[in-house]
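Scroll down for the structure; my scribbles are underneath it.
The values are calculated or read from the model by the stated rules, or taken from the named source; none is laboratory data. Computed from a prediction, not measured in an experiment: that's the story for all the values here. When we count neighbours, we look across all protein chains shown, and the Cβ atoms used for this are built from the backbone with ideal geometry, even at glycine. Keep in mind that these areas ignore ligands, DNA and RNA; they rest on the heavy atoms of the full protein, side chains included. Shrake-Rupley method; radii C 1.70, N 1.55, O 1.52, S 1.80 Å.
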Amino acid sequence: MNVSQEEQIDSSTWDPDAQKFDLLYSQDKIDRKIRQMGQQISYDYKDKELLLIGVLKGCVVFMADLMRTISIPLEIDFITATSYSNGLKRDDKIVFAGGPEATIKGKHILIVEGIVDTGQTVEALINRLKNQEPASIEIVTLLDKPISRKTEIKIRYKGFDAGKDFVIGYGLDISQKFRNLPFIGKVINE
Ligand code: IMP
Ligand code: MG
């Protein structure tokens, strides 16, 4: 099949048999929200040494978009965090791997997450980074599930609430798939 470049992939072009979901946030809605977040971050971090640390893999689509809406100099780095063993089932233990390789000391760190659920991943990451004496650490997430929170963490910037639903797309997966959906879908369990 040849798809013309003008044609956007939207929820209706997706094979519904691959995974059943309802459209929760469209690409347009996400774009607009990210631009607002980028403007606010540019304002708040003006004249500050900003380092974005993306939590892989969920951050990948959001971070690529967000950083291009920020109009001040910044650095980026990544760390891999794994807490879900398979699909919807989770391990309580969070395993970090890789980075960050950038110097943390004295910098203003903004942790970039696709979604914050219990808050345990970002809490563990903050504790890890704290020892390296950053000037500040804040969190930016595209999606938030405040109802599921098990820790007391403060989220400085958030895109949307995801309620209790399991969501996919825009970097977020179910069993490592559907990160490539260019919108956020709510998984329908049958
Ligand atoms: P937390 O440690 O409970 O905050 O979990 C955060 C991680 O759980 C995220 O980085 C995601 O990988 C995963 N996660 C939580 N909720 C969802 C969801 O609805 N869809 C996809 N991944 C999720
Ligand atoms: Mg996952």
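Within segment 27-86, the set of residues being away from ligand 2 (no atom under 16 Å from the Cβ), in a loop (DSSP other than H, G, I, E, B) and farther than 20 Å from Gly106 by Cβ comprises Arg68, Thr69, Ser71. For Gly106, indicate whether it is open to solvent by 20 Å² or more (accessible area, probe 1.4 Å) and closer than 20 Å to Ala64 by Cβ. No. Each residue in segment 47-63 was checked for being surrounded by fewer than 22 Cβ atoms within 10 Å (Cβ to Cβ) and either within 13 Å of ligand 1 (Cβ to nearest atom) or at pLDDT below 95 (or both), and 4 pass.
Residues that are under 17 Å from Leu56 (Cβ atoms) and charged (D, E, K, R) were ranked within segment 137-190; the one that is most open to solvent (accessible area, probe 1.4 Å) is Lys177. Yes or no: segment 118-128 includes at least one residue that is basic (Lys, Arg) and not in a loop (DSSP other than H, G, I, E, B). Within segment 118-128, one or more residues are basic (Lys, Arg) and not in a loop (DSSP other than H, G, I, E, B).
Taken as a whole, segment 108-117 holds at least one residue that is within 14 Å of ligand 2 (Cβ to nearest atom), under 22 Å from Glu75 (Cβ atoms) and in a strand (DSSP E or B). Does Ile188 qualify as being out of contact with any helix residue (DSSP H, G or I) (no Cβ under 9 Å at 6 or more places or on another chain) and within 19 Å of Thr82 (Cβ to Cβ)? Criteria not met by Ile188. With the condition kept exactly as written, say whether any residue in segment 117-128 is open to solvent by 40 Å² or more (accessible area, probe 1.4 Å) and over 20 Å from Ala97 (Cβ atoms). Within segment 117-128 (the criterion being open to solvent by 40 Å² or more (accessible area, probe 1.4 Å) and over 20 Å from Ala97 (Cβ atoms)), the answer is no, since none of the residues qualifies.
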